[in-house]
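Notes follow once the structure below has been shown.
The values are calculated or read from the model by the stated rules, or taken from the named source; none is laboratory data. Note that this is a predicted model, so its numbers are computed, not measured. In this analysis, Cβ positions are derived from the backbone assuming ideal geometry, glycine residues included, and neighbour counts consider all displayed protein chains. Note: accessible area is taken over every heavy atom of the protein model, side chains too, but ligands, DNA and RNA are not part of it. Shrake-Rupley method; radii C 1.70, N 1.55, O 1.52, S 1.80 Å.
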Amino acid sequence: MESHLTHIVWDWNGTLLHDVDAMLAAVNASCAEVGLPPLTLERYRDLFCVPVPRFYARLLGRAPTDIECRAMDASFYRHYEASTKNTVLAPGAKQLLVAWQEAGLTQSLCSLAPHESLVPLVRTHGIERHFVRVDGRKNQTSTGKAEQLARHVAALNVDPHRMVVIGDALDDAVAASRAGARAVLYTGGSHSRANLMSAGVPVVDTLAEAVQAAKRLSA
């Protein structure tokens, strides 16, 4: 299939939004809630996974209690929301979105960030108009991105074989595969390159490289 038919589904946190530092600070605040020492960025990227309770289990060395999960979640979101005003888009992100749209190609945004906070933030960065659809999480729980992406794909009414998901997490690759789409993973977010390589999909260090890889996957 030719690249001019490609539809890109972008991830938000750690992909279009360069928020890994805010994420790490919020995670470390969560760690403090249960008496854990702070993580380095390298250690965070080695341990991070979804669903989030599995990540907490890796931090604790055991399954977290419901009370611990609630406390860590509350601390994370409180600290993360406070820092979002200081986050910026990933290098070159806005230019890539503009160029893709101006080339007559389509793109959308699918994220596990809460929908009610995602949409205003996308608008704040002035990029909402470049997407044919923006979907965030609309419930309180998440077992990963697969179900969210499946709903997103159904709403788009686009052949999944035309789609390439660009994200920063192993879960993005899993979700894309289950939806019948391809994936490209970006190293600027919450996973180490070594972890991303285990997905068996292209792994890149810039979003410009991600777009080029998406074109090649659809060629």
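From Ser83, Ser117, Ser108, Ser75, which residue is free of Cβ contacts under 8 Å to residues at least 40 places away in the same chain and of a type outside the set (Phe, Trp, Tyr)? Give the derivation first.
Values: Ser83 fails: free of Cβ contacts under 8 Å to residues at least 40 places away in the same chain; Ser108 fails: free of Cβ contacts under 8 Å to residues at least 40 places away in the same chain; Ser75 fails: free of Cβ contacts under 8 Å to residues at least 40 places away in the same chain.
None of the other options fit; the residue is Ser117.
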* Structure fact -> In the set Leu47, Leu16, Leu59, the lone residue that is open to solvent by less than 40 Å² (accessible area, probe 1.4 Å), farther than 28 Å from Ala213 by Cα and not charged (D, E, K, R) is Leu59
* Right, Lys85: in a helix (DSSP H, G or I) and within 22 Å of Ala213 (Cβ to Cβ) or not? -> no
* Failed criterion for Val201 (all others in (1) assigned to a loop (DSSP other than H, G, I, E, B); (2) open to solvent by 50 Å² or more (accessible area, probe 1.4 Å); (3) within 24 Å of Cys49 (Cβ to Cβ); (4) touching a Leu at 6+ places or on another chain (Cβ under 9 Å) hold) -> (2)
* State yes or no: is Arg216 out of contact with any Pro (no Cβ under 9 Å at 6 or more places or on another chain), outside any loop (DSSP other than H, G, I, E, B) and farther than 25 Å from Pro51 by Cα? => no
* Can you tell me which residue within region 151-198, out of those that are modelled with pLDDT of 95 or more, of a type in the set (Val, Ile, Thr) and not in a helix (DSSP H, G or I), is farthest from the chain's Cα centre (by Cα)? => Val164
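For residues that are more than 17 Å from Gly14 (Cα to Cα) and modelled with pLDDT of 95 or more, scanning just region 132-145, find the one that is farthest from the chain's Cα centre (by Cα). Step through it out loud before you land on a result.
Filtering region 132-145 for residues more than 17 Å from Gly14 (Cα to Cα) gives 132-133, 138-143.
Narrowing the set further to residues that are modelled with pLDDT of 95 or more leaves 132-133.
Numbers: Val132: 18, Arg133: 16 Å.
The selected residue is Val132.
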* Asked: Given the structure, is Arg129 at pLDDT 95 or above, open to solvent by 70 Å² or more (accessible area, probe 1.4 Å), more than 18 Å from the chain's Cα centre (by Cα) and over 17 Å from Asn13 (Cα atoms)?
  -> yes
* To do: Report, by residue number, each residue of region 87-126 that is in contact with an Asp or Glu (Cβ under 9 Å, 6 or more places away or on another chain), among the polar types (S, T, N, Q) and open to solvent by 30 Å² or more (accessible area, probe 1.4 Å).
  => Ser117
* Provide a single number: the residues in region 204-219 that are modelled with pLDDT of 95 or more and open to solvent by 70 Å² or more (accessible area, probe 1.4 Å). => 3
* Asked: Looking at this structure, is Arg137 under 15 Å from Thr6 (Cβ atoms), of a type in the set (D, E, K, R) and touching a helix residue (DSSP H, G or I) at 6+ places or on another chain (Cβ under 8 Å)?
  -> no
* **Residue that is farthest from Thr6 (Cα to Cα) [pool: residues in region 94-122 that are under 16 Å from the mean Cα position of the chain (by Cα) and among the polar types (S, T, N, Q)]** => Ser117
* Structure fact -> Of the residues in region 150-198, those that are open to solvent by 40 Å² or more (accessible area, probe 1.4 Å), aliphatic (A, V, I, L, M) and either touching a Leu at 6+ places or on another chain (Cβ under 6 Å) or within 21 Å of Ala22 (Cα to Cα) (or both) come to Leu170
